[in-house]
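Have a look at the structure below before the remarks.
The values are calculated or read from the model by the stated rules, or taken from the named source; none is laboratory data. Please read all numbers here as calculations on a predicted model, not as lab measurements. Backbone-built Cβ (ideal geometry, glycine too); neighbour counts: all protein chains shown. Accessible surface is based on the protein model in full, side chains and every heavy atom, while ligands, DNA and RNA are left aside. Shrake-Rupley method; radii C 1.70, N 1.55, O 1.52, S 1.80 Å.
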Amino acid sequence: MKIKILVLVLAGAAPGTAWAQSPSSTSSQSGSTQCMAGMVMPACPQTSVPPPAKGPDTHSTMTLQEPENPEKHTGENLPAPELLLDVAARPAMSLADFEALANANNPTLKEANALVRRSRDQALQAGLYPNPSVAYQGEQIRGGSYGGGEQGGYIQQTIVLGGKLGLRRDIFDQQSRSDQMGVEEQTIRVHGDVQQAFYAALTAQEEVRVRQRLLGIALDANATVHQLANVGQADAPDILQTEVEAETAKVDYEAAQRQYLAAFHTLGSVAGKTGLPVTPLQGDLDKVPDLPAGQMVDSIVSDSPTVKRAEQEVAVAQARLKDARREVVPDLQLRAGEQHNGEQVSASPVKSAGAQSFATAGINIPLWNRNQGNVEAAKAESERAQQAVMREKLRLRQMAEPLAQSYLSARFEVERYKTQLIPRAARAYQLYLEKYQSMAQAYPQVLVSQRTLFQLQIHYLRSLHSAWQSAIALKNYTLAGGLDAPMSSGSPTTTLNLPNGGGAQD
């Protein structure tokens, strides 16, 4: 009777397909790997089928725990929470979908582009010519019968010499180039974070599938022991132990679902789309990029947009230094006017001096203030910018070297799980099952081997995730922080070269 019951249970032990079918694990079957129904194994093709409307049977009718003491019950048999029932029917989303959402909605990209426009507008303002002045002038004005005095108006203009306006404009032009590089840098940061979040969520989705199958195994074992107890072939410790395993599997299954929900919402936030309905993800988790990690460190250091931007900051600092040196050139102050001179030059007949013109021109003499302090400060800033380039290169190398080793280690681990551990565990499970069906092996060993196989699946998924994390970081020059505010080399001032400021920089 015991053998008959167990064979019947094992015949239906393969649980239903998970809530969302992923296209991962689609590589061709290895000659040494035997693919079995209900297993998620590397090198085994996965058939795309519609997801089920609900999870595995929770066997909620089983309440007998101690056949020797039927009135004794420890705990309750509650079903496992199903948090993703509505998710399976929604259209799957790919990495490209989330990158498109990020391009359209991530606020930091809009911030970075706004910084470019600000620098361009500041360049325009810095190069504007000073406004002229128009004024009235009166001197020795006399009233009554005497008349006389001088009254009139003049126009005054500052002539900026030494090409200072062009140099001031060049500072902000260089800043604009730096901010444009910042847009590229921020785009890489955002896309890198989206990719990291996507593959974290994809891993969580695959873990839900594996945890669901693990739950099915635990519940089938629980059902088997209860059936054996009904015919006197199992006792209270057997029942309680299988129920403990079933409850543990329910907890792990619920936690896996929560982890996927959290990972999906994180992905939506990085993409700049809050409130996005949770959907299945479509991606190939098994297809980890094959990168020459050991050779990538040098290219990351030389080609990183962070380094290029630091080098552009040197150009900004040099433009400031050039401008500071030229600011010592004085501007020419011109004034010209026309006035009426009321002074009498003839008593009979009475006749005044009449119209007369005047003009003045002058410059400041750079005797005490030759802008020497600003020049030295600009030199120091130029030196600092040059050292910042070296600092960025060293920082990138410091970050990239461990990532390269982590990537190589994860790839090795993935390959071992895929070609060595999981195929052997799958074969061991199959052999135990065949021996049990021929009455040469105890049933608990079948469960242990099957459980080991699925646990290796969990470790395999996490190794894949680790490999993806390192690969994405290397491909994106170690850049991260897709929701961090982009930085600008310029100032947010809106009082630059004011119309009434005489043309000088703010």
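When the residues of segment 107-165 are filtered to those that are at pLDDT 90 or above and of a type in the set (K, R), which remaining residue is farthest from the chain's Cα centre (by Cα)? Checking each candidate, the answer is K164. Residue pairs whose Cβ atoms lie under 8 Å apart, separated by 6 or more positions or on different chains, with the first residue in segment 437-454 and among the hydroxyl-bearing types (S, T, Y) and the second modelled with pLDDT of 75 or more and open to solvent by 60 Å² or more (accessible area, probe 1.4 Å), are S449/Y432.
Residues checked against (1) within 23 Å of the chain's Cα centre (by Cα); (2) aliphatic (A, V, I, L, M):
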{"site": "P366", "(1), (2)": "no, no"}
{"site": "R370", "(1), (2)": "no, no"}
{"site": "R395", "(1), (2)": "yes, no"}
{"site": "Q398", "(1), (2)": "yes, no"}
{"site": "A404", "(1), (2)": "yes, yes"}
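Of the candidates Q196, Q122, the single residue that is out of contact with any Asp or Glu (no Cβ under 8 Å at 6 or more places or on another chain) and either under 30 Å from N371 (Cβ atoms) or not in a helix (DSSP H, G or I) (or both) is Q122. Annotation note: of Q212, Q227, Q205, Q196, the sole residue that is over 33 Å from the mean Cα position of the chain (by Cα) and not β-branched (V, I, T) is Q227. Restricting F454, F412 to those that are of a type in the set (F, W, Y) and exposed (fewer than 15 other Cβ atoms within 10 Å of the Cβ) reduces the list to F412.
Just one of (1) at pLDDT 95 or above; (2) not in a helix (DSSP H, G or I) fails for H340. It is (1).
For M390, the test of being in contact (Cβ under 8 Å) with a residue 12 or more places away in the chain and over 30 Å from Q151 (Cβ atoms) is failed. Sort out which residues of segment 293-352 are within 50 Å of the chain's Cα centre (by Cα), farther than 30 Å from P130 by Cα and either open to solvent by 90 Å² or more (accessible area, probe 1.4 Å) or among the charged types (D, E, K, R) (or both), and write them in order of number. Of everything in segment 293-352, those that are within 50 Å of the chain's Cα centre (by Cα), farther than 30 Å from P130 by Cα and either open to solvent by 90 Å² or more (accessible area, probe 1.4 Å) or among the charged types (D, E, K, R) (or both) turn out to be Q295, D298, D303, K308, R309, E311. Here the condition is being open to solvent by less than 20 Å² (accessible area, probe 1.4 Å), under 29 Å from A80 (Cα atoms), without any contact (Cβ under 8 Å) to a residue 40 or more places away in the chain and not basic (K, R); of V225, V208, V251, it holds for V225 alone. Scanning segment 462-473 for any residue that is loosely packed, with under 15 Cβ neighbours inside 10 Å, more than 21 Å from E207 (Cβ to Cβ) and within 30 Å of the chain's Cα centre (by Cα) turns up nothing. Exactly one residue out of A100, A88, A123 is small (G, A, S) and open to solvent by 50 Å² or more (accessible area, probe 1.4 Å): that is A100. Among the residues of segment 267-275, are any of a type outside the set (F, W, Y), part of a loop (DSSP other than H, G, I, E, B) and open to solvent by less than 70 Å² (accessible area, probe 1.4 Å)? Yes, the conditions are met somewhere in segment 267-275. Within segment 139-188, the set of residues being in a helix (DSSP H, G or I) and among the polar types (S, T, N, Q) comprises Q174, Q175, S176, S178, Q180, Q186, T187. Are any residues in segment 142-200 of a type in the set (S, T, Y) and either open to solvent by less than 30 Å² (accessible area, probe 1.4 Å) or in contact with a strand residue (DSSP E or B) (Cβ under 8 Å, 6 or more places away or on another chain) (or both), and if so, which ones? Once the filter is applied, which keeps residues that are of a type in the set (S, T, Y) and either open to solvent by less than 30 Å² (accessible area, probe 1.4 Å) or in contact with a strand residue (DSSP E or B) (Cβ under 8 Å, 6 or more places away or on another chain) (or both), segment 142-200 yields Y154, T158, S176, S178, Y199. Looking across segment 361-410, just one residue is farther than 30 Å from K475 by Cα, β-branched (V, I, T) and either in contact with a helix residue (DSSP H, G or I) (Cβ under 7 Å, 6 or more places away or on another chain) or at pLDDT 95 or above (or both), and that is V375. Of all residues in segment 424-447, those being modelled with pLDDT of 85 or more and either surrounded by fewer than 18 Cβ atoms within 10 Å (Cβ to Cβ) or at positive phi (or both) number 7.
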